[in-house]
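Contents: one structure, followed by commentary.
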Amino acid sequence: MENLIALLIAAPLFGAVVLLCGGRRLDKTGHWIGTLLAAVSFGIGVVLFADMLGRSADERTLTQNLYTWIPVEGFQADMAFQLDQLSMTFVLLISGVGTLIHVYSIGYMEHDERRRRFFGYLNLFVAAMLLLVLADNYLLLYFGWEGVGLASYLLIGFWQHKPSAATAAKKAFLVNRVGDMGLSIAIMLMFTTFGTFAFTPVFGAVGETSEGMLTAIGLMLLLAACGKSAQVPLQSWLGDAMEGPTPVSALIHAATMVTAGVYLIVRSAAVFNAAPDAQLVVTVVGAVTLLFGAIVGCAKDDIKKALAGSTMSQIGYMILAAGLGPIGYVFAIMHLVTHGFFKAGLFLGAGSVMHGMNDEVDMRKYGALRTYMPVTFVTFGLGYLAIIGFPGLSGFFSKDMIIEAAFAKGGTEGWILGGVTLLGAGITAFYMTRVMLLTFFGEKRWQPDADGHEPHPHESPKSMTIPMVILAFGSVFAGAFFEIGERFLKWLEPVTGYSHGNPPVSAMTVTAATMVMLLVGVGIAWAMYGRRPVPVVAPRGSLLTRAARRDLYQDDFNHVVLVRGGEHLTRSLVYVDHSLVDGVVNGTAASVGGLSGRLRKLQNGYARSYAVSMFGGTAILIAATLLMRAV
Amino acid sequence: MNPVNYLYLAALLFTIGATGVLIRKNAIVLFMCVELMLNACNLAFVAFSRMHGNLDGQIIAFFTMVVAAAEVVVGLAIIVSLFRTRHSASVDDASLMKL
């Protein structure tokens, strides 16, 4: 069975190689090959999953050692995979949701002449992400991590003829590099501390290591997670990443990329458990991002950017839960899986709306689309109900669990974190209701596009709606399925551990409070956007709204602090280079030149003056010899 | 006769030759002065040979004569061709290679 693990990665990787090297003769069949190989990977995942269920909890971990990747004395990295319950969850999510997105892309990218290449990149993305979650050591994980970064760069900048897309791709790549630096430093620290970077020996040696070192490793891992998962302060790339085709956004936000940070933290649970300071920072980052993303999501008129703010906020929930320690690990992953369903569904729905509306993304120019796109409306609506945590749907269970876990942290910290997550639930309800109302309800606010074409909203083809329907099923039932009999908890507990914590209030109270927040959020949104007609041109808005439209000044902050700072640094370096370094070099050359100019005068061409200098030299030599004799 | 007197004579001849090299312009005269200095050296060598009672100095004097003969051949050739091209035997005129 364990020999199948490598095939999980090999299938999409093979697809990427074939599609990217195959050339134009694959233009007609490329998308089918790509989709098929993603589906093969999912199929192998299901087989392995069934096999894993057949074994007892202690014997579920499979390992496969392909070969020694870097065989150097004292530094050994294996090309080895580890498939445990945590990896299995991710494998099914990545390959399953990934396959659905492949199917959707067949319809969505139908008129794009570079569709084959798009599918090659999608396959590469899936392969890199699978490598990331299947690696059994941090170095191999880092390989997958960088592969994900590369694939995201290629896909975000897929429409590279648009300067905005090319810039967004570069931005995502560069911001991710900052996080990657954190991961590489963490790996180096691990190697100097433990002498290895394989999971099992590292986690086994945590007990004999100083807390300071573990905190340092934990913080560096957190920096890495911040980069990939778009957490404050490395969140700025996520909004711009919407420049990519919509299926890419769905893939990045639901199945791959942003989930990598959560995986990294949960995978490194042993390190974080032993470093409470690092854990505290993780929860703070999660809490800040949770509110940050939610506020940004409230003000955006671009449907994809509103959803991007929502992703940032939801990932904030997961990071916060992961920072809670054993109380929260399971729920972080559970929310990640349910979020994978409904966020993929929401993005695919948004893509379907754009498909029908001449690629218009401004929600103020939508309105009343529910009768024109019934399937999209229903699936998007179910995703919406799931994300706000409507009772009985996926998000209700997973988010409620995180809120309870935050309170269960105990003490003042618990109250603060619990309060933040509750507030976040209210804001989530507000901005998602806003998206829903602006897009599908109210009056028609359609505008002809730049070329004067009136939009004719229509339902998308089957290849696009079927994945949406499947994802909607997941959005509705996944949470309840996981929660009945605490299936998910029992499934993951052997890997991540679990503790109840000490909740200050009963679970019922928390749920009731969440419901109140939800109703308040929905109510405010309805009062603002449901009862009144929505202006097509966005009003100026309050100070907070304007700040949120500008992503709470994150780019301005980066510009002033990092870009300007960098410019000043380079300018002063150039100045030092010109004045000091060049000064020394040029000064030496000038003084040698001047001196030789004077010495040159001695060569006047007169034989007799040469004779004088010869006589003079001889006289001096003789005088010196005599003098030395005398002494 | 005291051999030291030969040394005085050699010094005198050498000084005359050196002074001639330094103050005269004519290449032929310059050349003669150089020869004078060489012969002053020869005289000194021979005198030393006599004073020390061995033949080393005399042998070196022969060497000097051979070298001087070779030098005369080359030097005179240069002077002749210089005179042919520039119609002058002044060494100060041949200073074109300075910057």
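The values are calculated or read from the model by the stated rules, or taken from the named source; none is laboratory data. Small disclaimer: the values here were computed from a predicted structure and weren't measured. Cβ placement follows ideal geometry from the backbone for every residue including glycine, while neighbour counts extend to all protein chains displayed. We work out accessible area using only protein heavy atoms, side chains counted, and drop any ligands, DNA or RNA first. Shrake-Rupley method; radii C 1.70, N 1.55, O 1.52, S 1.80 Å.
Arrange the residues A:VAL271, A:VAL592 by how much accessible surface each exposes, largest first, with a 1.4 angstrom probe.
These residues rank, largest area first, as A:VAL592, A:VAL271.
Taking accessible area as the heavy-atom solvent-accessible surface of the protein chains with a 1.4 Å probe, which residues of region B:19-56 lose no less than 50 Å² upon going from the isolated chain to the full protein assembly?
In region B:19-56, residues shielded by partner chains: B:LEU22.
How large is the translational diffusion coefficient of region B:1-86 in µm² per second when you combine the Kirkwood radius over alpha carbon pairs with Stokes-Einstein at 20 °C and 1.002 mPa s?
Answer from the Stokes-Einstein relation: 153 µm²/s.
Rounded to the nearest 100 Å², what is the sum over both chains of accessible area buried where B meets A, with a probe of 1.4 Å?
What B and A bury together is about 1000 Å².
Taking the Cα centre as origin and putting +1 on Lys and Arg beta-carbons and -1 on Asp and Glu beta-carbons, what dipole magnitude results for region B:1-86, to the nearest 20 debye?
The dipole magnitude comes to about 360 debye.
Rounded to the nearest Å, what's the spacing between the alpha carbon centres of region A:46-122 and region A:133-165? Just the number, please.
Their Cα centres are 15 Å away from one another.
Report, to the nearest whole %, how much of the accessible area of the protein assembly as shown belongs to carbon and sulfur atoms, 1.4 Å probe, protein only.
69 percent
Using alpha carbon centroids, what distance separates region A:384-413 and region B:1-75, in Å?
Value for the Cα centre distance between the two parts: 116 Å.
Scan around A:ASN137 for amide H atoms under 5 Å from its own, H built in the peptide plane at 1.01 Å from N, and keep only partners 5 or more places away or cross-chain.
Those lying under 5 Å, H to H, from A:ASN137 are A:PHE199.
Karplus couplings for region B:60-74 from phi (6.51 cos²θ - 1.76 cosθ + 1.60, θ = phi - 60°), rounded to Hz, Gly and Pro as x?
For region B:60-74, the Karplus curve yields 5, 4, 4, 4, 4, 5, 4, 4, 5, 5, 4, 5, 4, 4, 5 Hz.
I need to check one value: relative contact order of region B:1-86, counting alpha carbon pairs closer than 8 Å and at least 6 residues apart, in percent.
27 percent
Which value, in Å² rounded to 10, gives the accessible area of A:SER572 with a 1.4 Å probe and all protein chains present?
Accessible area, nearest 10 Å²: 60 Å².
Report, in whole Å, the centroid distance computed from the Cα atoms of region A:604-624 and region A:222-264.
Taking the Cα centre of region A:222-264 as reference, the centre of region A:604-624 is 83 Å away.
Through the Karplus equation 6.51 cos²θ - 1.76 cosθ + 1.60, θ set to phi - 60°, convert the phi angles of region B:22-33 into ³J(HN,Hα) values in whole Hz; use x for Gly and Pro.
In residue order, the calculated couplings are 6, 10, 8, 9, 5, 4, 5, 5, 4, 5, 4, 5 Hz.
So what is the relative contact order of chain A, in percent, for Cα pairs below 8 Å that sit 6 or more residues apart?
12 percent
Which order do A:ILE470, A:ILE33, A:ILE252 take when ranked by solvent-accessible area (1.4 Å probe, heavy atoms of all protein chains), largest first?
If we order A:ILE470, A:ILE33, A:ILE252 from most to least accessible, we get A:ILE470, A:ILE33, A:ILE252.
Quote the FRET efficiency, to the nearest 0.05, computed for B:LEU76 versus A:MET628 with a Förster distance R0 of 41 Å and r equal to the Cβ-Cβ distance.
0.55
When all protein chains stay in place, what accessible area (Å², nearest 10, 1.4 Å probe) is found for A:THR412?
A:THR412 has an accessible surface of roughly 100 Å² with all protein chains in place.
Given H placed on each backbone N at 1.01 Å, which residues far from A:GLU459 in sequence or on other chains put an amide H within less than 5 Å of it?
The answer is none.
Quick one: what do you get for chain A if you divide its Cα Rg by 2.2 N^0.38 Å?
Output field value: 1.21.
Rounded to the nearest 0.05, what FRET efficiency do A:THR68 and A:SER210 have when you use their Cβ-Cβ distance and R0 = 35 Å?
In this case the efficiency is close to 0.70.
Taking the Cα atoms only, what angle lies between the long axis of helix A:582-600 and the longest principal axis of chain A, rounded to 10 degrees?
The two axes meet at around 20 degrees.
Among the listed pairs A:LYS228/A:LYS304; A:LYS28/A:LYS462; A:LYS399/A:LYS444; A:LYS28/A:LYS170; A:LYS171/A:LYS365; A:LYS304/A:LYS365, which are separated by more than 22 Å between their Cα atoms?
A:LYS399/A:LYS444; A:LYS28/A:LYS170; A:LYS171/A:LYS365
With charges set only on the Cβ (+1 for Lys and Arg, -1 for Asp and Glu), what does the dipole of chain A come to about its Cα centre, in debye to the nearest 20?
The dipole magnitude comes to about 1960 debye.
Under a crude label model (7 Å from the Cα following the beta-carbon direction), how far is A:LYS490 from A:LYS601 in nanometres?
10.3 nm
Place a +1 charge on the Cβ of each Lys and Arg in region A:154-277 and a -1 charge on the Cβ of each Asp and Glu, then give the dipole magnitude about the Cα centre in debye, rounded to the nearest 20.
With Lys and Arg at +1 and Asp and Glu at -1, about 400 debye.
Kindly report, to the nearest 10 Å², the accessible surface of B:PHE63 as traced by a 1.4 Å probe over protein heavy atoms only.
140 Å²
Mind checking which of A:SER460, A:SER542, A:TYR610 is farthest towards the positive end of the protein assembly as shown's charge dipole, using Cβ charges of +1 (Lys, Arg) and -1 (Asp, Glu) about the Cα centre?
A:TYR610
Between A:PHE473 and A:VAL585, what's the calculated FRET efficiency when r is the beta-carbon distance and R0 is 45 Å? Round to 0.05.
After rounding to 0.05, the efficiency reads 0.05.
Rounded to the nearest 10 degrees, what's the angle between the helix A:565-576 long axis and the longest principal axis of chain A, both from Cα atoms, 0 to 90?
10 degrees
Accessible area, 1.4 Å probe, largest first: how do A:ARG531, A:ARG177 sort?
The most accessible residue leads, giving A:ARG531, A:ARG177.
Find the accessible area per residue for the protein assembly as shown; the probe is 1.4 Å, ligands and nucleic acids are left out, and the unit is Å².
Normalised by residue count, the accessible surface of the protein assembly as shown is 45 Å².
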